[in-house]
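Throughout, read-outs are computed from the coordinates displayed, never taken from laboratory work. Here the structure is a predicted model, which means the values were calculated and not measured.
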C-alpha cells in the first residue's frame, strides 16, 4: 500500500482546479505545487470519473512528484 499512514485518505491534502485551457492546477494544503496538461490532464479526468477519493488523492500525489520528503528543515 502506498499510503501507510493513511494521510491521503484521512487528511485529503491535495486539491485541484480544472482550467479552461485543458490544464489543471494542483495544490497541496492550499498551496499551488504543480500545473499539469496533456496526458496527465486526461488521466486526471479519468480518475475524477472513477469517483474514488483515495485514488484521486494518490494520483495527485504521484503526478506532483516527490516535492516533499519529510526530512526538510524549517530554517527558523
Radius of gyration, Dmax [the stretch 7-64; alpha carbons; angstrom] = 10.5, 31
inquiry  = I need to check one value: relative contact order of the stretch 7-64, counting alpha carbon pairs closer than 8 Å and at least 6 residues apart, in percent.
reply    = 32
